[in-house]
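Enquirer: Pasting in a structure now, in structure tokens, and then I'll have a few things to ask.
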Amino acid sequence: MKMPAPQRRIRPRDRNNVLARPEFLSLNQPSTSPQESRSFNRKQSGQYGNSSESARERRQSQQLPEEDCMQLNPSFKGIAWNSFMAIDIAMSKSLGVCAHSTSSWGSARSMVKLIGITSHGFPWIVGTIICLCNCNTLAGQEVLVNLLLALLLDILTVAGLQRLMKRRGPYEVTPSILDHLVLDVYAFPAGHASRATMVSKFFLNHLVLAIPLRILLVLWAFTVGLSRIMIGRHHISDVMGGFVIGLLQFNFVEILWLSSSTCQMLFLLW
């Protein structure tokens with residue numbers, strides 16, 4: 001007759017010790033060094049695993065790339081920038097009331113898009129060329145030639161910056177055919193806003209206009225930028241950047257202003 005194996009007796013002083021329980025016995029074991037643990041893993045994998053399992057363990061033990069690690073101490077500049085971008089996206093989405101036909105102001109989407117078309121690059125370039133061909137005064141030709149150069153500069157500048165930044169709008173709005181013609185595909189900077197700012201500043205400086213018309217030009221530039229936010233095509237920061245770029249382009253055109261004689265020389269070469 002086989003006697004049962006004697007069970008381990010628990011001392012009275014260990015009876016109230018939580019760590020003495022079987023499920024917590026591993027906590028009482030002495031910690032091994034990293035080198036011992038790695039050698040133990042290699043022995044275990046060599047005994048019980050095949051070559052594919054050991055290769056998988058080696059890949060898992062490698063250090064993660066730096067971009068996958070969580071940054072525990074971000075800088076103040078990074079926090080401020082991320083907060084600004086989050087606020088910009090949230091406010092732009094709340095102002096995109098005409099982004100789709102099902103939006104809160106979806107019925108006014110066509111009218112808001114029409115406001116943006118008034119600052120589109122293609123109609124402005126075509127209209128400037130037509131006016132230049134029908135102009136007979138030297139002063140008018142000088143103004144129109146410089147306006148045409150300013151419009152071309154605006155298209156090249158906006159297209160280059162948009163290709164460099166490649167920022168998408170707050171909503172998935174597909175660019176129109178006219179946008180593809182003037183390379184206005186991405187969000188930053190807003191080409192319509194920069195063009196409206198540059199043209200309005202150009203007219204205010206080189207045309208004699210009454211005060212009501214001057215006020216209307218400023219309101220038109222602001223309304224164009226707001227319309228691009230309302231249809232969900234641009235963020236608020238995209239439009240603000242477009243306003244700044246439009247002013248910089250105007251100042252650059254003023255520095256490189258072509259005189260009347262230079263314009264006549266260009267007409268002769270043409």
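The values are calculated or read from the model by the stated rules, or taken from the named source; none is laboratory data. No experiment lies behind these values; they were computed from the predicted model shown. Here the Cβ positions follow ideal geometry from the backbone for every residue, glycine too, while neighbour counts run over all protein chains shown. Protein only, heavy atoms only, side chains kept; ligands, DNA and RNA dropped before computing areas. Shrake-Rupley method; radii C 1.70, N 1.55, O 1.52, S 1.80 Å.
Enquirer: Show me, for the stretch 240-245, the HN-Hα J-couplings you get by feeding each phi into the Karplus relation (A = 6.51, B = -1.76, C = 1.60, θ = phi - 60°), rounded to Hz, glycine and proline as x.
Expert: 4, x, x, 4, 5, 5
Enquirer: Next question. By how many nm would the segment from residue 113 to residue 153 grow when fully extended, if each residue of separation counts as 0.36 nm and the alpha-carbon distance is taken off?
Expert: Residue separation times 0.36 nm, minus the Cα-Cα distance, leaves 12.0 nm.
Enquirer: Compute, for residue 201, the solvent-accessible surface of its heavy atoms (probe 1.4 Å) with the complete set of protein chains present, and express it in square angstrom to the nearest 10.
Expert: Looks like 70 Å² after rounding.
Enquirer: Ordered by residue, what ³J(HN,Hα) values in Hz, to whole numbers, does the stretch 93-106 give under the Karplus form 6.51 cos²θ - 1.76 cosθ + 1.60, where θ = phi - 60° and Gly and Pro are x?
Expert: Each residue's phi maps through the Karplus curve to give 5, 5, 8, x, 7, 10, 5, 9, 5, 8, 6, 4, 10, x Hz.
Enquirer: For the full complex of protein chains and a 1.4 angstrom probe, list 128, 118 by accessible area with the highest value first. It would help to have the intermediate numbers written out before the result.
Expert: On the way: 128 5, 118 65 Å².
Per-residue accessible area, sorted high to low, gives 118, 128.
Enquirer: As an exercise, use a Förster radius of 51 Å and the Cβ-Cβ distance of residue 185 and residue 214 to find the FRET efficiency, rounded to the nearest 0.05. Display every interim value, and only then the final one.
Expert: On the way: r = 33 Å, r/R0 = 0.65.
After rounding to 0.05, the efficiency reads 0.95.
Enquirer: Taking 1 over the mean of 1/r across every pair of different Cα atoms in the stretch 151-270, what Kirkwood radius in Å do you get?
Expert: Details: mean 1/r = 0.0654 Å⁻¹.
Over the stretch 151-270, the inverse of the mean reciprocal pair distance is 15.3 Å.
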